[in-house]
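The numbers here are math on the coordinates, done by the rules we state, and not lab data. Keep in mind the model is a prediction, meaning the values are calculated, not measured. Neighbour counts are summed over all protein chains in view; Cβ atoms, including those assigned to glycine, are modelled from backbone coordinates with ideal geometry.
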Ligand SMILES: *[C@@H]1O[C@H](CO)[C@@H](O)[C@H](O)[C@H]1NC(C)=O
Ligand SMILES: *[C@@H]1O[C@H](CO)[C@@H](O)[C@H](O)[C@H]1NC(C)=O
Ligand SMILES: *[C@@H]1O[C@H](CO)[C@@H](O)[C@H](O)[C@H]1NC(C)=O
Ligand SMILES: [Fe+2]
């Protein structure tokens with residue numbers, strides 16, 4: 001209760017601050033109310049909170065929750081069949097203070113064909129509702145939806161509506177999902193809110209500060225809910241932690257880093273990243289994309305100087321630069337900002353493009369104060385809710401677009417063509 005009240009107080013405080021913040025030009029929409037999505041299942045064994053994530057190039061992990069124990073069985077098949085194959089996985093649960101989670105089921109299915117719609121049913125006997133997903137393509141083009149700091153407000157809903165219409169193949173999320181902040185029912189509510197999208201396309205996520213949920217003396221283990229609910233394919237990439245991992249999809253090597261896992265040069269994450277980058281073969285994956293939560297580059301006044309930004313950048317920027325990473329996405333700052341190619345705070349043609357996309361729609365509202373004057377390396381910045389799409393057309397070209405939720409319409413507000421380092425002889429490693 002106390003935690004709940006403190007969160008509410010913080011929430012009101014933040015809402016207050018942002019509403020009195022008068023900003024130039026654009027008439028910025030205020031934060032919107034929180035949504036709580038109730039369980040509409042027919043009974044306690046009804047599947048809910050269904051989401052999928054890629055495991056290797058041709059497998060998929062199906063995750064869902066039931067209020068009471070049920071079988072972790074998935075029946076699936078290429079559309080229109082939903083029962084050509086089946087697989088059974090595992091069930092787990094967790095406790096957080098007085099909260100007991102439902103049964104969390106996960107099953108890895110496959111091998112699956114690329115760019116193919118599959119139907120699936122959950123449970124044994126299979127529950128009547130049939131879900132479907134489309135596997136990502138095995139080669140270019142591929143379209144990623146990119147959205148950070150989602151939360152579960154009316155703005156989140158608006159963002160998700162736009163993402164749903166974007167015809168994306170895979171969603172990548174640089175941290176801060178549910179904004180449950182210790183109130184575990186909100187993880188369930190978030191799972192229900194995103195299910196219509198996350199049950200249809202792989203959602204690949206990494207953690208933000210709102211996933212930590214560590215309470216000294218009371219609940220000392222961090223990431224309990226996040227790790228139990230959002231199992232990402234870390235084992236397959238040689239990582240020992242769900243907080244950082246990588247995978248290949250359609251010629252793109254995606255690296256999810258953990259801003260809230262140790263990142264110093266003697267940390268397991270650092271050593272894993274070094275090895276992972278060494279293994280990248282630009283013939284097979286011409287593009288390398290990295291996601292973090294706390295941005296290394298930001299000219300917003302919010303979250304300046306945090307160790308997860310400055311310390312991680314000091315530790316890992318050289319690795320990403322030397323490996324010629326193409327683009328780095330971050331969240332945390334609730335706004336949009338795109339930098340030019342940078343390295344060590346200066347424009348550098350061989351450095352990654354850094355993009356902050358922490359504007360998914362969470363209840364804390366927008367971070368609308370910027371450092372003045374705008375640094376030359378910042379190309380575009382604006383505090384509005386929205387999402388991005390990265391459409392990788394071929395081995396050399398990709399189009400990045402930021403879509404602003406302007407009064408519920410998705411408006412293209414920033415767009416650029418990116419060329420890959422694999423196609424750029426002047427930045428040979
Ligand atoms: C799959 O479903 C179809 C249509 O309902 C049915 O005819 C078929 O026997 C089922 N196959 C299996 C293996 O259960
Ligand atoms: C990279 O992959 C290509 C194609 O699969 C292969 O021919 C080449 O030998 C690989 N390069 C290295 C350094 O392993
Ligand atoms: C890659 O796509 C870009 C943009 O559409 C196009 O200009 C270029 O010719 C393509 N390259 C190849 C090798 O097809
Ligand atoms: Fe954050």
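With a 10 Å radius around each residue's Cβ, average the other Cβ atoms per peptide and rank 329-340, 305-316, highest first.
329-340, 305-316
Would you please classify the overall shape of the range 263-319 from the alpha carbon gyration tensor, given that a ≥ b ≥ c denote the square roots of the eigenvalues, rounded means a/c under 1.5, and beyond that prolate means a/b larger than b/c while oblate covers the rest?
The shape class here is oblate.
Could you put 156, 221 in order, starting from the residue whose Cβ has the fewest other Cβ atoms within 10 Å?
Fewest-to-most ranking of 156, 221: 221, 156.
Provide the gained length on full extension for the span residue 67 to residue 275, in nm with one decimal, where the gain is 0.36 nm per separating residue minus the Cα-Cα distance.
Gain in length upon complete extension: 70.8 nm.
Restricting things to Cα coordinates, could you compute the convex hull volume per residue of the chain in Å³?
Value for the chain: 133 Å³ per residue.
Ranked from highest to lowest mean number of other Cβ atoms within 10 Å per residue, what is the order of the peptides 117-126, 263-272?
117-126, 263-272
Give me the mean projected area, in nm² to one decimal, of the convex hull enclosing the Cα positions of the range 342-397. Can you show the working numbers first?
Values: hull surface 21.2 nm².
Mean orientational projected area (the range 342-397, Cα hull): 5.3 nm².
Based on the Cα atoms of the range 48-134, what semi-axes does the equivalent ellipsoid have, where each is the square root of 5 times one gyration tensor eigenvalue, given in whole Å with the largest first?
Details: eigenvalues 117, 39, 19 Å².
In descending order the semi-axes read 24, 14, 10 Å.
Quick one: if you stick a label point 7 Å off each Cα along the C-beta vector at residue 90 and residue 167, how many nm between them?
3.9
Figure the gain on full extension for residue 154 and residue 318 (residue separation times 0.36 nm, minus the Cα-Cα span) and round it to one decimal in nm.
Contour length minus Cα-Cα distance gives 55.1 nm.
In whole angstrom, note down how far apart the Cα centers of the range 25-81 and the range 352-429 are.
A separation of 28 Å, based on Cα centres.
So if I average 1/r over every pair of distinct C-alpha atoms in the range 305-429 and take the inverse, what Kirkwood radius in Å does that give? Show your work: numbers first, answer last.
Values: mean 1/r = 0.0645 Å⁻¹.
This gives a value of 15.5 Å.
With just the Cα atoms defining each centre, how far is the range 210-276 from the range 127-161? Give it in Å.
Between the Cα centre of the range 210-276 and that of the range 127-161, the gap is 21 Å.
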